1. Assuming residue 311 fulfils every condition listed in (1) more than 12 Å from the ligand (Cβ to nearest atom); (2) not in a strand (DSSP E or B) apart from one, which condition is it?
2. I need the full set of residues from the stretch 196-224 which are within 9 Å of the ligand (Cβ to nearest atom) and free of Cβ contacts under 8 Å to residues at least 24 places away in the same chain, in order please.
3. Being open to solvent by less than 80 Å² (accessible area, probe 1.4 Å), of a type outside the set (Ser, Thr, Tyr) and over 21 Å from the mean Cα position of the chain (by Cα) is the filter here; which residues of the stretch 51-68 pass it?
4. What do you reckon, is residue 268 within 16 Å of the ligand (Cβ to nearest atom), open to solvent by 30 Å² or more (accessible area, probe 1.4 Å), touching a helix residue (DSSP H, G or I) at 6+ places or on another chain (Cβ under 7 Å) and assigned to a helix (DSSP H, G or I)?
5. Pairs under 8 Å by beta carbon, first residue in contact (Cβ under 8 Å) with a residue 12 or more places away in the chain in the stretch 172-185, partner outside any strand (DSSP E or B) and among the basic types (Lys, Arg), six or more apart or different chains?
6. Having 1 or more residues that are at pLDDT below 95 is the bar; report the helices (runs of 4 or more DSSP H) wholly within the stretch 1-94 that clear it.
7. Out of everything in the stretch 137-168 that is open to solvent by 40 Å² or more (accessible area, probe 1.4 Å) and either among the charged types (D, E, K, R) or part of a loop (DSSP other than H, G, I, E, B) (or both), what residue ends up being nearest to the ligand (Cβ to nearest atom)?
8. So, of the residues in the stretch 1-50 that are among the hydroxyl-bearing types (Ser, Thr, Tyr) and within 9 Å of the ligand (Cβ to nearest atom), which turns out to be least open to solvent (accessible area, probe 1.4 Å)?
Amino acid sequence: MTLNCHLRALCAHVPETVITNDDLAALVDTNDQWIVERTGIRRRHRLADTENASDLALAAARRCLEETALPARSLTHVLAATCTPDHLSPSIACILAGALDAGPVMAMDFGAACTGFIYGLSLGRAFLAQAPESRILFVCTEALTRRVNWQDRGTCVLFGDAAAACVLDSEGGEGSARVEDVLCQSDGTQRDLIVVGGGTACRYAPGDPVDDSFFISMRGRDTYKHAVRQMVQVCETLLARNGLTMDDVELFVPHQANIRIIEAVGSRLGVGAERVFVNLAEYGNTSSASIPLALAEARAAGRIRPGDRVLVTAFGAGLTWGAALLRF
Ligand code: ACO
């Protein structure tokens, strides 16, 4: 049986407010040169005080439905990848379904941190295998600046806010991409390397001030090593099981966390810089939204043409990582 999962109308939304490296140098002991040399990041976007991750997702979702001309009532599922939800409950997916008046869809969030987009493609395929008539609104949305510790120079320079939305269905259509294969993996023994705090493990009584456990903490150097090793491994495994090599891939779109990680992964996979899409200078690490935001920009810039095969890969807290092959 051929499993048909198509990704349609990928639309991104980033908030307007920009934080530059110089803005951060006014907050912590850092400077533009260190941040650019060590990460490649120059700017990141931050949501307004009045916005939440669900608002970013809603803006992206509305554009996506407009582009597909699909009524919200034709959706069967709303699926949201996020590690920075508005609340522990209700889910962003339910908030979205309500705001869009999508009716009694199956709506749920899931957490795979920066690998959320790739895990979501795998979930979408599973839903479509179960019921090929499904039409899934899939969003990736993050408000990471709400969980950044602005006193921690090791992490506060890295993250930004963004959302992206697409529809997953069996039919596809003009400009859509077929999900050829997906591979998702994890290693929970390394769960302490990156923690996004604020869950129920943070024990607070009313009136308590929050402490450092409320924010993102990361062992950067160890994370870096795992990220390079696992993204290379998962890409090689995925290509091999499809009888492909990097020569069969027109564009490589890795998770946008750090330019040095991207260059190390690209070099080990033997892919030249001209086939690697990078936009992290403008947005920083937007976690689950990073790859769909990059894909949307790559398409808009004409870097992806009909017929192109695109390899995407990501790595994040959990640890989680994965890769997917998309055929436009
Ligand atoms: N400005 C200036 N100096 C800094 C800064 C800063 N912003 N941050 C750290 N430093 C200092 C450190 O204090 C340290 O100083 P010391 O030598 O005096 O102790 C020095 O720079 C080197 O620190 P390292 O952490 O070893 O620096 P490194 O080169 O590893 O870069 C970085 C740090 C950018 C965080 C890198 O390790 C990295 O990108 N790691 C991976 C992050 C990632 O991919 N995360 C993905 C998952 S995120 C998620 O899932 C939500």
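1. Of (1) more than 12 Å from the ligand (Cβ to nearest atom); (2) not in a strand (DSSP E or B), only one is false for residue 311: (2).
2. Within the stretch 196-224, just 221 meets the criteria.
3. Result: no residue meets the conditions.
4. The answer is yes for residue 268.
5. Taking only residues 6 or more apart or on different chains, the pairs are 175/299; 179/125; 181/241; 182/125; 183/241.
6. Once the helices (runs of 4 or more DSSP H) in the stretch 1-94 are filtered for at least 1 residues that are at pLDDT below 95, what remains is 53-68.
7. Ranking the candidates gives 153 first.
8. Filtering first and then ranking leaves 39.
The values are calculated or read from the model by the stated rules, or taken from the named source; none is laboratory data. Remember, it's a predicted structure, so these values are computed and weren't measured experimentally. No Cβ is skipped: glycine too gets one built from the backbone with ideal geometry, and neighbour counts run over all protein chains shown. Side chains included, ligands, DNA and RNA excluded: accessible areas come from the protein's heavy atoms. Shrake-Rupley method; radii C 1.70, N 1.55, O 1.52, S 1.80 Å.
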